[in-house]
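*Asks:* Starting off with a structure, shown below.
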Amino acid sequence: MSSKNQPTFGRRDIVQGIGAVAALGPLVARAEGSASRPGSAAGRGKPGRNDTFLKACRGEPVEYTPIWMMRQAGRFLPQYQQVMAKTNFLAAVRSPEVSAEITIQPVDILGVDAAIFFSDITTVAVPMGMDLRYADATGPAFNNPIRSRADVERLVVPDDPAEGLGFVFEGQKICARELANRVPLIGFAGAPFTMSAYMVEGGSSNAFAEFRRLIFSAPDAYATLMDKVARHTAKYLRAQAAAGADALMLFDSNAGLIGPGDFETLNLPYVRQVIAAVKSAGVPIIYFGLGAHGSLAAIRNCGADVIGIDYGMRLDDAVRQLGPGVSVQGNIEPNCLYQPQDEIRRRVGETLRAAKGARGHVFNLGHGVPRHSPVDNVKAMVDAVHELSANRRS
Ligand code: CP3
């Protein structure tokens with residue numbers, strides 16, 4: 001698929017988007033009418049439902065360690081590629097049915113204990129006024145990056161998150177219905193710092209030099225930007241919980257761009273702001289700060305129920321620093337999925353042992369599933385986590 005054929009997505013398309021969602025009327029009405037969808041009070045704890053992931057998030061006893069994987073709904077799965085051969089990334093993200101189909105694929109194929117909704121962190125910025133495009137080589141990018149105070153002032157915080165993002169909530173309602181009595185659904189957003197990094201830089205980057213320059217050269221513009229993104233993100237996450245997400249995750253993939261002292265004063269307060277505003281939704285919240293190893297003592301008080309640990313840190317050290325107030329998620333080296341299955345199994349055992357003192361452990365990779373991971377190896381990892389953790393408890 002050539003990136004020339006990939007359409008853009010901006011505020012102008014939002015009216016069109018709402019039209020597309022309205023066309024889903026009957027489907028959505030059925031989803032709302034189901035008495036005990038996962039995430040509703042009636043659905044929670046229902047016999048036969050796999051609640052292991054939610055229990056581990058809350059630090060409750062579990063029969064085995066639950067596992068899901070960041071980027072499990074993605075390119076390493078041939079079934080995902082089959083869907084994508086007929087569409088493009090932004091169209092898939094904007095289609096509730098296609099998003100739901102891709103979300104459920106890894107549950108069927110891999111046997112993971114949670115589904116993460118198929119979407120992207122960057123689409124959330126579109127209703128704020130960002131013009132999104134997708135290039136196959138580099139991923140999502142914005143045509144109108146934020147470079148000045150005036151650009152920040154122009155950003156909108158819509159009153160209603162469904163304005164422009166209704167396809168997410170409709171897709172999640174479909175997932176909640178289709179997943180009933182199977183596994184919980186994770187909704188997500190980028191943390192304010194990671195979102196702002198993409199909005200200022202205009203796309204993915206190694207150095208994020210423009211963003212780092214703005215943080216330190218225009219602190220007032222930076223603070224206004226972070227506050228606007230935080231307010232928008234909180235509304236967006238609350239709406240996901242209302243639509244059927246059973247847990248919510250904040251991805252702070254760029255947290256390591258500034259050092260620990262600056263992270264704690266310039267980033268973490270906005271993470272706290274989002275979590276404080278979302279907490280009353282009553283679903284577990286996961287915070288994952290990639291490269292934020294130096295600040296775990298501060299992160300443990302950010303309000304999240306679960307702290308995601310990346311591959312760059314020893315899990316037993318993380319557990320010690322986090323203490324008994326939170327659960328941990330992580331953190332096996334993602335690229336070990338390229339190793340032989342007996343080595344994957346050995347590493348799974350090591351990771352399970354490292355998490356031993358944790359209040360609760362959600363097994364995950366230290367970052368996303370690598371693009372060319374053999375599906376059989378990914379399955380072998382899921383099985384190893386289930387088998388080895390069940391044995392350890394008996
Ligand atoms: O399976 C899942 O985890 C759910 C879906 C999901 C996607 N993106 C789908 C996706 C999630 C949770 C994200 C989050 C996301 N998006 C993050 C935070 C997590 C992280 O990886 O650090 C970030 C930084 C992005 C931005 C983004 N999206 C980039 C830089 C890229 C291109 C490079 C890459 O990693 O693929 C994307 C594209 C993207 N998002 C794909 C998918 C399945 C690949 C699209 C394709 O080629 O078909």
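*Asks:* Against the condition part of a loop (DSSP other than H, G, I, E, B), open to solvent by less than 20 Å² (accessible area, probe 1.4 Å), within 15 Å of the ligand (Cβ to nearest atom) and in contact (Cβ under 8 Å) with a residue 60 or more places away in the chain, how does Val168 come out, does it pass?
*Replies:* Numbers: part of a loop (DSSP other than H, G, I, E, B): no; open to solvent by less than 20 Å² (accessible area, probe 1.4 Å): yes; within 15 Å of the ligand (Cβ to nearest atom): yes; in contact (Cβ under 8 Å) with a residue 60 or more places away in the chain: yes.
Against the criterion (part of a loop (DSSP other than H, G, I, E, B), open to solvent by less than 20 Å² (accessible area, probe 1.4 Å), within 15 Å of the ligand (Cβ to nearest atom) and in contact (Cβ under 8 Å) with a residue 60 or more places away in the chain), Val168 does not qualify.
*Asks:* Could you please give the count of residues in the range 342-367 that are within 16 Å of the ligand (Cβ to nearest atom) and open to solvent by less than 20 Å² (accessible area, probe 1.4 Å)?
*Replies:* So the first thing to find is which residues in the range 342-367 are within 16 Å of the ligand (Cβ to nearest atom), and the list is 362-367.
In the following step, the residues that additionally are open to solvent by less than 20 Å² (accessible area, probe 1.4 Å) were identified as 362-366.
Number of matching residues: 5.
*Asks:* Return the total of residues in the range 318-332 being assigned to a strand (DSSP E or B) and over 15 Å from Arg58 (Cα atoms). Please lay out each step first, then the result.
*Replies:* As a first pass, look at the range 318-332 and keep what is assigned to a strand (DSSP E or B): 327-332.
From what is left, the residues that are over 15 Å from Arg58 (Cα atoms) are 330-332.
Looking only at that region, the number is 3.
*Asks:* While we're looking at this one, here's another question. Take the conditions crowded, with 23+ Cβ neighbours inside 10 Å, more than 9 Å from the ligand (Cβ to nearest atom) and part of a helix (DSSP H, G or I) and apply them to Ala150. Does it pass?
*Replies:* Values: crowded, with 23+ Cβ neighbours inside 10 Å: no; more than 9 Å from the ligand (Cβ to nearest atom): yes; part of a helix (DSSP H, G or I): yes.
So Ala150 fails the test.
*Asks:* If a residue has to be farther than 13 Å from Cys57 by Cβ and either modelled with pLDDT under 95 or within 16 Å of the ligand (Cβ to nearest atom) (or both) to count, how many in the range 295-312 make the cut?
*Replies:* Filtering the range 295-312 down to residues farther than 13 Å from Cys57 by Cβ leaves 295-303, 309-312.
If we keep only those that are either modelled with pLDDT under 95 or within 16 Å of the ligand (Cβ to nearest atom) (or both) as well, we get 309-312.
Number of matching residues: 4.
*Asks:* Looking at (1) open to solvent by 10 Å² or more (accessible area, probe 1.4 Å); (2) away from the ligand (no atom under 16 Å from the Cβ); (3) under 17 Å from Ser327 (Cα atoms), which is the only condition Gly259 fails?
*Replies:* Condition not satisfied by Gly259: (3).
*Asks:* For residues that are under 15 Å from the mean Cα position of the chain (by Cα) and hydroxyl-bearing (Ser, Thr, Tyr), scanning just the range 111-141, find the one that is farthest from the ligand (Cβ to nearest atom).
*Replies:* For the range 111-141, the residue satisfying everything is Thr123.
*Asks:* Name, by its number, the condition in (1) closer than 22 Å to Ser327 by Cα; (2) part of a helix (DSSP H, G or I); (3) open to solvent by 20 Å² or more (accessible area, probe 1.4 Å); (4) in contact (Cβ under 8 Å) with a residue 24 or more places away in the chain that does not hold for Ser280.
*Replies:* Here Ser280 clears every test but (4).
*Asks:* Residues of the range 358-394 being of a type in the set (S, T, N, Q), part of a loop (DSSP other than H, G, I, E, B) and touching a Leu at 6+ places or on another chain (Cβ under 7 Å), which ones?
*Replies:* Pass one, the range 358-394, residues of a type in the set (S, T, N, Q): 364, 373, 377, 389, 391, 394.
After this cut, where a residue has to be part of a loop (DSSP other than H, G, I, E, B) as well, the list is 373, 394.
Scanning the range 358-394 gives a single hit, Ser373.
The values are calculated or read from the model by the stated rules, or taken from the named source; none is laboratory data. As the structure is a prediction and not an experimental result, all values here were calculated from the model. Here Cβ is always computed from backbone atoms with ideal geometry, including for glycine, and neighbour counts include all displayed protein chains. When the accessible area is computed, the model is the full protein with side chains, heavy atoms only, and any ligands, DNA or RNA have been set aside. Shrake-Rupley method; radii C 1.70, N 1.55, O 1.52, S 1.80 Å.
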